[in-house]
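Working notes, structure below.
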Amino acid sequence: MYSEKVMDHFANPRNVGEIENPDGVGEVGNPVCGDIMRMYLKIEDNRIVDVKFKTFGCGAAIASSSMATELVKGKTLEEAWEISNKAVAEALEGLPPIKMHCSVLAEEAIHTAINDYRVKQGLPPWEEKSPHHHEGGEGCELPDE
Amino acid sequence: MVSDQRVIYLDHAATTPARPEVVEAMLPYFHDRFGNPSSIYRIARESRKVVESARESVARALGAEPGEIYFTSGGTESDNWAIKGVAFANRKRGDHIITSAIEHHAVLYPTRYLAKQGFSVTFLPVDATGLADPGMLEDAITEKTTLISIMTANNEIGTIEPVREIGKIARDHGIPFHTDAVQAVGHIPLSVKDDNIDLLSLSAHKFNGPKGVGVLYIRKGTRIDPFLHGGAQERNRRAGTENLAGIVGLATALDFAVQSLPREMERQKRFRDRLIAGLLSSVPHSRLNGHPEKRLPGNVNISFEYVEGESILLSLDAYGICASTGSACTSGSLEPSHVLLAIGLTHEVAHGSLRLTLGEENTDEEIDTVLETVPGIIGKLRAMSPLYPGKEKECHV
């Protein structure tokens, strides 16, 4: 069901770990839903010079995190902000429809980490384009408690 | 990926390989002895004879009469037939059904369907080990109750329910008792007479028989509507030309399973207990799901905190190990297993469950391999997990 690229990034994830004193951190997802993604950014001169992640989740969630870190590394913040969930999924040679939400999570992790940096810098956070611009990402609905 | 690698198959609750002897026994009935049992000429009469002798053999294995055995397309059909058939046949008497919260979807969804049709359904809760409480069940009975359906053994956590006691209660109240025994038949001793069972579902491919064939046992005198309407097969109760080869395969497989049952139970229990003790002691933050003793001989179900089940399965697959999980991420839905939630697991812990189910071809060496492999996989995934506190000393990867 998974592409070879997904299996590769799952079995040999890139940039796993944490960054000490990161410039930006983004954590998205929910353990109730079965996936949680945390992304750490090191930023110099408006450019992402290092990135690490930690993820609790399925194969697609781990592979999406890994791919997302590869895609943002070396990019300016503006460039990184433009990386969509679709781009993450395409770089992984596709995800099964039920797993598209993992790529959405990856995009959200990038955005949350970038905005964390911006707020720490005293800058206004960038706004998400629209809540419905993701392609094919089903969210997890939290059960009523 | 695993084609040139040895496969360690530990998903026997999903399905089992058909025995070579079973396949051998089935083969003549595809071509040489293909006659329709309902026809009149000699080759058809031979087919009829074969079906009836299979029926007798299945009846013997279950402690039933041959006239109480109905061949179906498998466990799902048997469950659907039992539940809808009994509910509708008794609708004038009542419209209340009692079942448990941990039934297989093949029981759960038909009862939900009936609820939509105006029936009322009680879903009995289970305790933390997955056991239904007969006392609670008796309290749930009303004058309108026309069916009780409680599984013999759970497919996910392996807990064996007190069917004999439940059957006794049902019989004392004059209510038909159905049990989904798909995971139990051929794996633990069972008798429809001794266990007070009125309807029982079984499926051949769970005990080294072919897929696509099963049985519904219906005790004589049980009121039930047909499920498939059409021809007069199965004494007018289940239409459709008999799955001749499949029926032969089912009966042959059941014979083998019943014969080897005492030996296999011992062997699988030993493997099961080695796996449970080994994994719980080598992996911190792990817990056994299901009952510690009242448990299928071949079932292991363990939750590993801070990791997600599908990623465990994918990691195991790289070693050629086939297993299963109750995590939402493999189910096609976003909810984890209803069984794991019903025994009180949080969503997080339910997501981290691993089910290993044993079968006849498993060996001590395979169990060794699993015990050596799993701790490293969990350690690697935990090292990646933002939830893992990492305070305990982790196993070496």
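The values are calculated or read from the model by the stated rules, or taken from the named source; none is laboratory data. Small disclaimer: the values here were computed from a predicted structure and weren't measured. A quick note on method: Cβ atoms are made from the backbone with ideal geometry, for glycine too, and the neighbour counts reach across all protein chains shown. Note: areas computed on protein heavy atoms with side chains; ligands, DNA, RNA excluded. Shrake-Rupley method; radii C 1.70, N 1.55, O 1.52, S 1.80 Å.
Under a no-solvent Debye model with one identical scatterer per Cα of region B:210-308, what's log10 I(q)/I(0) at q = 0.10, 0.11, 0.23 Å⁻¹?
Results for region B:210-308 at q = 0.10, 0.11, 0.23 Å⁻¹ read -0.54, -0.62, -1.16.
Cα axis of helix B:42-62 to longest principal axis of chain B: angle in degrees, 0 to 90, nearest 10?
50
For B:R267, what accessible area in Å² do you get when you roll a 1.4 Å probe over the heavy atoms of the protein chains, rounding to the nearest 10?
We get 50 Å² for B:R267.
What does the protein assembly as shown give for Rg and for Dmax, in Å, if only its C-alpha atoms count?
Looking at the protein assembly as shown, its Cα Rg and Dmax stand at 26.6, 92 Å.
Calculate the tail of P(r) for region B:20-257: the fraction of all Cα-Cα distances greater than 22 Å, expressed in %.
Counting pairs separated by more than 22 Å, the tail of P(r) holds 50 percent.
Sort B:114-124, B:307-317, B:62-72 for me by packing, meaning the mean count of neighbouring Cβ atoms within 10 Å per residue, highest on top.
Listed from highest to lowest mean packing, they are B:307-317, B:62-72, B:114-124.
Taking chain A as the reference, fit the longest principal axis to its C-alpha atoms, fit the long axis of helix A:100-120 to the helix C-alpha atoms, and give the angle between the two in degrees, 0 to 90, nearest 10.
10
Enter the buried accessible area of the A/B pair, total of both sides, probe 1.4 Å, in Å² rounded to the nearest 100.
Using a 1.4 Å probe on protein heavy atoms, the buried area is about 2000 Å².
Hey, what does the equivalent ellipsoid look like for chain B, semi-axes from the Cα gyration tensor as sqrt of 5 times each eigenvalue, largest first, whole Å?
37, 27, 17
Please name which of B:G130, B:F34, B:I102 has its Cα lying farthest along the dipole of region B:20-257 towards the positive end, using unit charges on Cβ (Lys, Arg +1; Asp, Glu -1) and the Cα centre as origin.
Selected residue: B:F34.
Once amide H atoms are placed 1.01 Å from N in the peptide plane, what residues at a sequence separation of 5 or more from B:I8, or on another chain, have their amide H within under 5 Å of its amide H?
B:I321, B:C322
Can you give me the orientation-averaged projected area of the convex hull built on the Cα atoms of region B:148-280, in nm²? Intermediate results must be reported in sequence, preceding the final value.
On the way: hull surface 37.6 nm².
Mean orientational projected area (region B:148-280, Cα hull): 9.4 nm².
Between B:M265 and B:D127, what is the label-point separation in nm under the 7 Å Cα-to-beta-carbon projection?
Using points 7 Å along Cα→Cβ, the separation is 2.2 nm.
Given a 1.4 Å probe and heavy atoms of the protein chains only, how would you sort B:K220, B:K206, B:K193, largest accessible area at the top?
Reading off the accessible areas and sorting them downward yields B:K220, B:K193, B:K206.
With the radius of gyration and the Kirkwood radius both derived from the Cα set of region B:85-126, what is their ratio Rg to Rh?
0.96
Per residue of A:92-102, count partner chain C-beta atoms within 10 Å of its C-beta, then hand back the mean as an integer. Please list the in-between numbers first.
Details: counts 0, 0, 0, 0, 1, 1, 7, 2, 0, 1, 1.
Going residue by residue through A:92-102 and averaging, the value is 1.
Along the three principal axes, how long is region A:4-120 when you take its alpha carbons, biggest first, rounded to the nearest angstrom?
37, 27, 22
If every alpha-carbon in region B:263-366 counts as one equal scatterer, what log10 I(q)/I(0) does Debye give at q = 0.10, 0.18 1/Å?
-0.27, -0.88
So who's got an amide H within less than 5 Å of the one on B:Q183, skipping anything under 5 residues away but keeping other chains? H placed 1.01 Å off N, in plane.
Hits under the 5 Å cutoff: B:A153.
Tell me the mean residue ellipticity at 222 nm calculated for chain A from its helices only (DSSP H runs of n ≥ 4, each -39500 (n - 2.57), averaged over every residue, nearest 500).
Numbers: 5 runs with 55 residues, N = 145.
So the calculated ellipticity at 222 nm is -11500 deg cm²/dmol.
Would you mind calculating the relative contact order of chain B from Cα pairs under 8 angstrom and at least 6 residues apart, reporting the percent as a whole number?
Once divided by the residue count of chain B, the mean separation gives 21 percent.
Could you tell me the extents of region B:1-146's C-alpha atoms along the three principal axes, largest first, rounded to whole Å?
54, 51, 29
Considering only protein heavy atoms, with the full assembly of protein chains and a 1.4 angstrom probe, order B:Y319, B:Y217 by accessible area, largest first.
Highest to lowest solvent-accessible surface, that is B:Y319, B:Y217.
Only Lys, Arg, Asp and Glu count, each charged at its Cβ (+1, +1, -1, -1), so figure out the dipole size of the protein assembly as shown about its Cα centre, rounded to 20 debye.
For the protein assembly as shown, the charge dipole is close to 2000 debye.
Per-residue accessible area for B:R6 at 1.4 Å probe radius, Å² rounded to 10?
Probe radius 1.4 Å; accessible area of B:R6 about 140 Å².
So which of B:K116/B:K144; A:K5/A:K75; A:K42/B:K380; A:K5/B:K206; B:K193/B:K294; A:K52/A:K86 end up more than 28 Å apart by C-alpha?
From the list (B:K116/B:K144; A:K5/A:K75; A:K42/B:K380; A:K5/B:K206; B:K193/B:K294; A:K52/A:K86), the Cα-Cα distance tops 28 Å for A:K5/B:K206.
For a 27 Å ceiling on Cα separation, which of these pairs sit above it: A:K99/A:K129; B:K168/B:K211; B:K49/B:K168?
Too far apart for the 27 Å limit: B:K168/B:K211; B:K49/B:K168.
Between B:K193 and B:R164, how many nm apart are label points set 7 Å from Cα along the C-beta direction?
So the two model labels end up 1.5 nm from each other.
Kirkwood Rh, region A:1-53, all Cα pairs: how many Å?
12.7
For region B:189-233, what is the per residue volume of the convex hull drawn over the alpha-carbon atoms, in cubic angstrom?
So the per-residue hull volume is 100 Å³.
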